[in-house]
1. Which order results if SER101, SER389, SER429, SER241 are arranged by neighbouring Cβ count within 10 Å, fewest first?
2. Would you mind ranking THR41, THR47, THR300 so that the residue whose beta carbon has the fewest other beta carbons within 10 Å leads the list?
3. Evaluate the Kirkwood expression for the hydrodynamic radius of the chain, namely the inverse of the mean inverse distance over all pairs of different C-alpha atoms, and round to one decimal in Å.
4. For helix 53-72, report the angle its Cα long axis makes with the longest principal axis of the Cα atoms of the chain; keep it between 0 and 90° and round to the nearest 10°.
5. Reachable lysines from LYS485, Cα under 21 Å, same-chain residues fewer than 8 places away excluded?
6. Place +1 on the Cβ of every Lys and Arg and -1 on the Cβ of every Asp and Glu in the chain, take the dipole about the Cα centre, and give the residue among ALA427, VAL487, ILE251 whose Cα lies farthest towards its positive end.
7. Quick check: the angle from helix 166-179's long axis to the longest principal axis of the chain, C-alpha only, nearest 10 degrees?
8. Neighbour counts of other C-beta atoms within 10 Å: give me CYS446, CYS296 arranged from fewest to most.
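Coordinate-derived values only; no laboratory data. Nothing here was measured: the structure is a model prediction, and the numbers come from that model. Heads up, the Cβs are rebuilt from the backbone with ideal geometry, glycines too, and the neighbour counts pull from every protein chain shown.
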Amino acid sequence: MHNPGHRFQAQDRFADGAQYIAGRLTKGTSGRTHAVVDPATGDEVYTYELAGTADVDAAVAAAREAFPGWSGATPGERSDALHRFAAVLAERAEEFAQAESLQCGKPLKLTREFDVPGTIDNAAFFAGAARHLQGQSAGEYSGDHTSYVRREAIGVVGSIAPWNYPLQMAAWKILPAIAAGNTIVLKPAELTPLTSLLFAEAATQAGIPDGVVNIVTGLGKEAGEHLVGHPDVAMTSFTGSTAVGKRVAEIATSTVKRLHLELGGKAPFVVFDDADLDAAVHGAVAGSLINTGQDCTAATRAYVQRPLHDEFVRRTAALMESVRLGDPFAPGTDLGPLISHAQRDRVAGFVDRARGYARVVTGGVVPEGDLKRGAYYAPTLVADAAQDSEIVQAEIFGPVLVVLPFDTDDEGIALANDTPYGLAASAWSRDVYRANRATREIKAGCVWVNDHIPIISEMPHGGYKASGFGKDMSTYSFEEYTQVKHVMFDNTAVAEKDWHRTIFGDRP
């Protein structure tokens, strides 16, 4: 393996603890510790004290104390702070990239070219969007009154982020919340807290007041559930599995909180028989292997119209076999490990079970040699599976693509929709009418045409069906993080209103 000496030194960098409350790092008080493990080597790189319920209480109290001042700031003041925040993130980009690669096993070229620039762009977008939180213009809708709409911050937001994109998910939770005037307590995954802590530090460095952004790093059953159920938390945003999302929804519903859920996915990749096959093959390999397949929008089910099916399988397998697994910090690495050995074994289990009813065209193995120490798994292509089989229907969250044939356009779209999920999908065709039909009829929150994966700050991200509800990114996210208030002024200056006759109408 590559010499690890240059890697981000987490133990020294966060010696003061993995909680960030009221503008400073502190240690957790649960009495239990947890280790961040480099998934490329299996080595422990940071051991920290987990947050307990007292730490969650302290973070929520800090956020509650900061709320009046932050929500009372002008949109211009919040915008200026977020512009400074984006600038700090840009100055510290390499530090963020190194930390994200260390804790997740992502190749540096992915963190440098995708995770970190996307986060900086997101901060810059919300710096501008903070000045455009507008309600409806005034109007006299009843004839006797002037009405207008105020859009107000909700209060303290308690959010939970996953381990697959720790930095970007922290940004997606924190930025729209604070741009709208809320304060926030974020619980990152206990496996990957490093870049969330750096993100909160950068907010303080940019002059965002203490308590506006807080981080509690603890277990879901203790810190997470306490945060979601906290009486002073007005809203919860959660990204993660559908199973855990259901639990979050139960707790939030019991306390009548605003709720935003971005859950699992099983994205279809529909290739019609007039598609550019070379583009579809490259798109399928990149779209299924991005982040080692640990992406809710990753291409997982390729439906290929029968005239192209066999050639698509052959060429996709060949391209997958050219992908280079290796040390995330080495320049030539294309694909890193999965997040943990447990996740690798889970993915391998899906593929091993599929051997009983399908064909593993390529991959399906744990690499030998130095890579065996890490949580690596070879890029895997599976064919000849039935539509109702486990490997087609379940979210695997690994570098595995399943290819199935279809005959008619109707069948292809029906198969694409045959899933509980609806987060993302793509359609591949040179025919604008065919592609446009697919975008109308496929039930997913994002449908790409002749591409798969790209996202932009200006456009919303969120799902249909079991993939959740609500939007990340874009100005649509403000619908989640603001409360709409109707204000109505009487214009008549008359003491006895006409409608009062419903109460006083029979009096002389």
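1. With the sparsest Cβ surroundings first, the list reads SER241, SER389, SER429, SER101.
2. The order, fewest Cβ neighbours first, is THR47, THR41, THR300.
3. 24.1 Å
4. Between the helix axis and the principal axis of the chain, the angle is about 60 degrees.
5. LYS257, LYS471
6. ILE251
7. Long axis of 166-179 versus the principal axis of the chain: about 20 degrees.
8. Lowest to highest Cβ neighbour count: CYS446, CYS296.
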